[in-house]
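Worksheet: the structure to be examined is printed underneath.
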Amino acid sequence: MKSAMRAAAKERLGTIRMLMAAIKQREVDERIELDDSQILSVIDKMVKQRRESITQFEAGGRQDLVAKESEELKLLSDYLPARLSDAELEALISESIATSGASSIKDMGKVMGLIKSKAQGRADMGAVGARIKARLS
């Protein structure tokens, strides 16, 4: 935040302040101090909100808001770990299915639980769920 203030990067500073406020709000609400994985989940939630907002604003023809949300999305994504490649994701899904012994769609929750801890912030969990569902069907 200090480097953004020194560089007079208003957009970056505003996004960082918004992120810190979201983290602080969750800490106050739950009366805990967030660890790294919980902070990643907050950032991941904010990224998801930005993606949804962008699609809504594009549908409404609000290019000014699309640009603003896209910039925030880009800045927030910088704080997430590197995304998993398709090959790494497939290997993780195969490993989790084998570890949990999943054989049908009823076991999807077990597999998702294993993957979520390893892929938090590194993959779109909606897309991961669709891949698991396809593999178990």
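See the values below:
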quantity	calculated
Fully extended contour minus Cα-Cα distance, from Lys24 to Gln63, at 0.36 nm per residue	11.0 nm
From the coordinates shown, volume of the Cα convex hull per residue in Å³ corresponds to which of (1) 144; (2) 197; (3) 116	(1)
Furthest towards positive pole of dipole, Gln38, Thr55, Gly121, structure part the chain, Cβ charges	Thr55
Estimated FRET transfer efficiency (Ser137, Arg51; beta-carbon r; R0 30 Å; 0.05)	0.70
Nearest-20 debye value, the chain charge dipole, Cβ charges on Lys, Arg, Asp, Glu	140 debye
Relative pair counts by distance (%), Cα atoms of segment 86-136, 5 Å bins	4, 24, 41, 24, 7, 0
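Every number here is computed from the coordinates shown, using simple stated rules; none is lab data. What you see is a predicted model; the values in this text were computed from it and never measured. Here Cβ is always computed from backbone atoms with ideal geometry, including for glycine, and neighbour counts include all displayed protein chains.
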